[in-house]
Amino acid sequence: MDQIVIITETAAFQIKDMLKEHGEEAAYLRVGVKGGGCSGLSYGMGIDSEVKEEDVTFEQHGINVVVDKESVGILRGTKIDFKQSMMGGGFTIDNPNAIASCGCGSSFRTAQNQGTPENC
């Protein structure tokens, strides 16, 4: 299967650091989408040691990535980067499928998926 999300080298370096810090070098980076937030959908990203039957896996920059099947269409083409600023650093997610997002940038919706919007 092709790569669903694109992880920049900068983000990959940070992810590898996190995995090493937690003693989880062999673990997967799980990226997904769930309902919620003011625009209807929100991203999830974390360390996972299990792959479920319905998951899609691929490798990028030496990182094993896992995405649940329901999130594949929503995330296809999404770029994960890491930006450093004077206030610290953080991951940024640029999803070409998002047609609207909330003011705080933590939720979004696509043309095909409205998610489950909540009151802000």
Take the residues in the range 8-46 that are among the charged types (D, E, K, R) and not in a strand (DSSP E or B), then tell me which one is nearest to SER101 (Cα to Cα). GLU9
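Taking the conditions exactly as written (loosely packed, with under 13 Cβ neighbours inside 10 Å, without any contact (Cβ under 8 Å) to a residue 60 or more places away in the chain and closer than 30 Å to ILE99 by Cβ), does GLY62 satisfy them or not? Walk me through it before giving the result.
Working: loosely packed, with under 13 Cβ neighbours inside 10 Å: yes; without any contact (Cβ under 8 Å) to a residue 60 or more places away in the chain: yes; closer than 30 Å to ILE99 by Cβ: no.
So GLY62 does not fit the description; no.
Is it the case that some residue within the range 72-81 is in contact (Cβ under 8 Å) with a residue 60 or more places away in the chain and assigned to a helix (DSSP H, G or I)? Before you say what the answer is, go through the steps one by one.
Applying the first criterion (in contact (Cβ under 8 Å) with a residue 60 or more places away in the chain) to the range 72-81 yields 72, 75-81.
Filter once more, so that each one left must be assigned to a helix (DSSP H, G or I): 72, 75.
Scanning the range 72-81, I find at least one residue that is in contact (Cβ under 8 Å) with a residue 60 or more places away in the chain and assigned to a helix (DSSP H, G or I), so the answer is yes.
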Within the set of pairs 6 or more residues apart or between chains, which connect a residue that is closer than 14 Å to MET45 by Cβ inside the range 14-33 to a residue that is in a helix (DSSP H, G or I) and β-branched (Val, Ile, Thr) with Cβ atoms less than 6 Å apart? LEU29/ILE15; VAL33/ILE74
Looking at (1) among the hydrophobic types (A, V, I, L, M, F, W, C); (2) outside any helix (DSSP H, G or I); (3) out of contact with any strand residue (DSSP E or B) (no Cβ under 7 Å at 6 or more places or on another chain), which one does VAL67 not meet, given that it meets all the others? (3)
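Readers should treat all values here as calculations from the given coordinates under stated rules, not as data from a laboratory. Note that this is a predicted model, so its numbers are computed, not measured. Note: ideal-geometry Cβ built from the backbone for every residue, glycine included; neighbour counts use all protein chains shown.
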